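Everything below concerns the one structure shown next.
Just so it is clear, none of the values below were taken in a lab; they were calculated from the coordinates. Because the structure is predicted, anything quoted here is derived from the model rather than measured. Counting neighbours? That spans all protein chains shown, and the Cβs are built from the backbone with ideal geometry, glycine included.
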Amino acid sequence: MSVTVVGSLNEDVLVAVDRLPGRGETVVGRAATLTPGGKGANQAAAAGLLGPGVHMVGRVGEDPAGARQLAALAASRVNVGRVLRTVGAPTGSATIPVEEGSGENLIVVVPGANALLTAADVDVPSVREAQVVLLQLEVPLDSVAAAARAATGTVVLTPAPPQDLPAALLERVDVLLPNEHELVQLAGADAGDRSPAALTDLARRVTRGAVVVTLGARGALVVPADGGAALLQPPPPVAAVDTTGAGDCFSGALGQALAAGAALTDAVRYAVAAAALSTTGPGARGALPDDDAVRALLPRVPAATPVG
């Protein structure tokens, strides 16, 4: 089996704060930590720790940060042969204040070399031959669309940061993987909390394909492509320390489970367990689990319930 991730690689600066700042507000951080990140690289690292055959396609700068990102992915058993070093552009970066106690965060990304990933960069065997291709939107949309066209396996798209998606791209996506806020924006709806049933209606408005909506502490909503009943998959109980990267861990775990032949509902159950474990340590990769840890937690994952 194989999973290829096409996307961003960033160096994250995590800043611990007592509470997240409001608009125009300054807060004093307790400590700053430099860690590897980027939605694409985080997904790849999660998938690599959970199973074999993971490849990363992307760009970094010819700088120490780029070398650190490649080394971190290699340590997570990810093949980085298609991550290109980019002359004249820095490796992408992100600044992430993390609220102590709740683990909630804010993220500001500077794309750097990620913005220079081209359609030609992604038309490669590791994309064309992968059983699952994981995509996000921290690289140019044209390159994301090119990867979706080149893929012959299952295409999973995390629409983050959210933006309008061409119909031609959505038609190539087998599983759309937004969080609740991204789904609302994609559907052109007003912001606000919604019930699982209301989110199901929005998902079916956005695409005819399958949609999995990540809901944080509430788990994940599975909306099948066939029009069947949606399911709400609650997460197992854990003591969350930092939610940074939990969605990326979910994506990587979902990709590995799908590549192993799991049905979508079973893959979501596995991914919910992996994402829950990932919140028990600091940073996007501080507590990424291996397959043994996820399977040990699976018996504590509540059963999914139909959405009425």
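Relative to the Cα centre, the charge distribution of the chain, modelled as +1 at Lys and Arg Cβ and -1 at Asp and Glu Cβ, gives a dipole magnitude of about 380 debye.
Summing Cβ point charges (Lys, Arg +1; Asp, Glu -1) relative to the Cα centre of region 62-134 gives a dipole of roughly 320 debye. In terms of the mean number of neighbouring beta-carbon atoms within 10 Å, the peptides 170-176, 290-296, 57-63 order highest first as 57-63, 170-176, 290-296.
Modelled label positions at VAL108 and ALA189, each set 7 Å beyond Cα in the direction of Cβ, lie 3.1 nm from each other.
Counting only C-alpha contacts under 8 Å and six or more residues apart, can you give the relative contact order of the chain as a whole percent?
Values: 775 pairs, mean separation 55.2, N = 308.
With pairs under 8 Å counted, the relative contact order is 18 percent.
Where in region 78-118 does the label zone of VAL27 land, with the point 7 angstrom along Cα→C-beta and an amide N cut-off under 14 Å? Only 96-108 fall inside the zone, counting backbone N under 14 Å.
Taking neighbour counts of Cβ atoms within 10 Å as a proxy for exposure, in what order, fewest first, do GLU11, GLU129, GLU182 appear?
Numbers: GLU11 26, GLU129 15, GLU182 22.
Least to most surrounded, the residues fall as GLU129, GLU182, GLU11.
Can you find, among ALA31, ILE96, GLY53, the residue sitting farthest towards the positive end of the charge dipole of region 23-182, where Lys and Arg contribute +1 and Asp and Glu -1 at Cβ? So the residue we want is GLY53. Overall, the anisotropy analysis places region 1-40 in the prolate class: the square-rooted eigenvalues a ≥ b ≥ c of its C-alpha gyration tensor yield a/c not less than 1.5, with a/b exceeding b/c.
Here's how it looks for VAL98: its modeled amide H is under 5 Å from those of VAL15, ALA16, VAL17, which are all 5 or more places away or on a different chain. When the helices of the chain are scored as -39500 (n - 2.57) per DSSP H run of n ≥ 4 and the total is divided over every residue, the value at 222 nm lands at -9500 deg cm²/dmol.
If you average the sequence gap of Cα pairs under 8 Å that are 6 or more apart and divide by the length of region 149-308, what percent do you get for the contact order? Once normalised by length, the contact order is 19 percent. Taking a ≥ b ≥ c as the square roots of the Cα gyration tensor eigenvalues, with a/c under 1.5 meaning rounded and otherwise prolate when a/b beats b/c, else oblate, which class fits region 44-134? Because a/c hits 1.5 or more and a/b fails to exceed b/c, region 44-134 counts as oblate.
Neighbour counts of other Cβ atoms within 10 Å put HIS55, HIS181 in the fewest-to-most order HIS181, HIS55.
Which shape class, rounded, prolate or oblate, goes with the chain when its Cα gyration tensor gives a ≥ b ≥ c as root eigenvalues, a/c under 1.5 marks rounded, and past that a/b bigger than b/c marks prolate? Provide the component values of the computation, followed by the final result.
Numbers: a/c = 1.34, a/b = 1.10, b/c = 1.22.
The shape class here is rounded.
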